[in-house]
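I have placed the structure first, in the form of structure tokens, so that the comments after it can refer back to it.
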Amino acid sequence: MTFLKHGFISSGFLNLSATEAYKEAYENDAVILDVRELRLIGYKRFDVPKVIYIPYSSLDQSYMSLPVDIPVIVADSVGLRSREAMKFLLSKGFNNIANLAGGIVEWERDGLPIKKDIAEQLDGACVCQLKLRHKE
């Protein structure tokens, strides 16, 4: 089993910066577990070799499908739901896990690769007016 090599401890959890998570994905064969709800994933997805999408609301029914032999980096939009997912996974015996500090927002801010599906991009003056920007 390979263990995570980067990161810092905060509030009792191993946290990774976006750059550290990217390195782990390529150097240590880590998988990113994206726990964003499907409606929040939108058109931005992590672009690394191994990504698993399990919404936080389904994690208690689907966590058994996660790999136990490789590191798991838990991610969301900004790092809040991923912390809750970390607590849950730790309670289920996962110990080779880390939280992506700042989520996909920091990932994108650091210029790391993102897959964009413009068909899913939203547009609108406020949240109540959001609609797909590009219609097929």
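No lab work stands behind these numbers, since they all come straight from the coordinates. Quantities reported herein were computed from a predicted structural model and do not represent experimental measurements. Neighbour counts run over all protein chains shown; Cβ positions are idealised from the backbone, glycine included.
Points worth noting:
- Taking chymotrypsin sites (Phe, Trp or Tyr not before Pro) across the range 68-107, none is in a DSSP loop with at most 10 further Cβ atoms lying within 10 angstrom of its Cβ.
- Counting every other Cβ atom within 10 Å of each residue's Cβ, V48, V35, V74 order from fewest to most as V48, V35, V74.
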